[in-house]
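To start, the structure under review is shown below, and the notes come after it.
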Amino acid sequence: MQAGEPSQRPNTVPSPAGFKAGAPLQLKRRKKYRLRRRQYTTRPDASVASPTPELQPRIDQLEKEMEELRTALSDSEERLMRSRSDLENQRRRFLREKDEFRKFAAEDLMRAIVPAMDHFGLALQSLENAADVSSVRQGVTMIHRELQSVLEQAGLKSIIPGVVPFDPQVHEAVGMDHDASKPDNHVLVVMRPGWELNGRVLRPALVRVNKMSVSTAEETAVEI
């Protein structure tokens, strides 16, 4: 290069090792994307963003209403969480009370039966040295009456029907007999008493029923 001659730069820059052939096009696209992003993210002019005086009161009112709605929503969420907590506590308390009621529902009845059980124990002890059987029988009878009174006060009653019409709701027939002096389809004999609690049948009474039309073979009480 001679003195005084301007230096000439090459028109192209040598590509570094590994530089791809399409890199200049990618650089142009990146620059274009940056320009667009800068255009859309640039803060608008204050004269354009600021509301007009006519809209400012409406905007203030909307902001106030929005703040009130946020407060109401927060209060509603708090009340909802508190209601859920109260409901869960009530559910747990109900289950606990239900379990306690199931365990101690018969507490009053058991307290009333305990004296009768004590008397039964004394009666059994007296049998060992009892010289008079009648006195023991009398004591056991008194205990039976005491226990029966306790059960009746609790609503438990025995079903010992007389000569009454057969009722499948409270009677269970175990056989049939023929007695011309008794009405047809009436209870003749009670084989085992039944029990009912406050009007609900716990166990029907086992009975034999009178049948006027049975044959001689059936008079031997055909078992059902």
Where E88 falls short, out of the listed (1) under 28 Å from M191 (Cα atoms); (2) in a helix (DSSP H, G or I); (3) not hydroxyl-bearing (S, T, Y): (1)
Meets criteria (touching a Pro at 6+ places or on another chain (Cβ under 9 Å), of a type outside the set (A, V, I, L, M) and assigned to a helix (DSSP H, G or I)) for E146: yes
Look through A112, A131, A123 and report the one residue that is surrounded by fewer than 10 Cβ atoms within 10 Å (Cβ to Cβ) and not β-branched (V, I, T). A131
Filtered residues of region 164-198 (kept if of a type in the set (S, T, N, Q) and either more than 25 Å from A154 (Cβ to Cβ) or at pLDDT below 90 (or both)): S181, N185, N198
Unique match (being of a type in the set (G, A, S) and in a strand (DSSP E or B)) among G175, G139, G162: G175
Only one of (1) surrounded by 10 or more Cβ atoms within 10 Å (Cβ to Cβ); (2) at pLDDT 75 or above; (3) part of a loop (DSSP other than H, G, I, E, B) does not apply to E54, and that is (1)
Across (1) modelled with pLDDT under 80; (2) part of a helix (DSSP H, G or I); (3) not basic (K, R), E128 clears everything bar (2)
Would you point out the residue of region 134-176, among those that are among the acidic types (D, E) and closer than 29 Å to L188 by Cβ, that is surrounded by the fewest Cβ atoms within 10 Å (Cβ to Cβ)? E152
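The values are calculated or read from the model by the stated rules, or taken from the named source; none is laboratory data. It should be emphasised that the depicted structure is a prediction, and the values quoted were computed from it without experimental measurement. Here the Cβ is made from the backbone with ideal geometry for all residues, glycine too, and neighbour counts use every protein chain on show.
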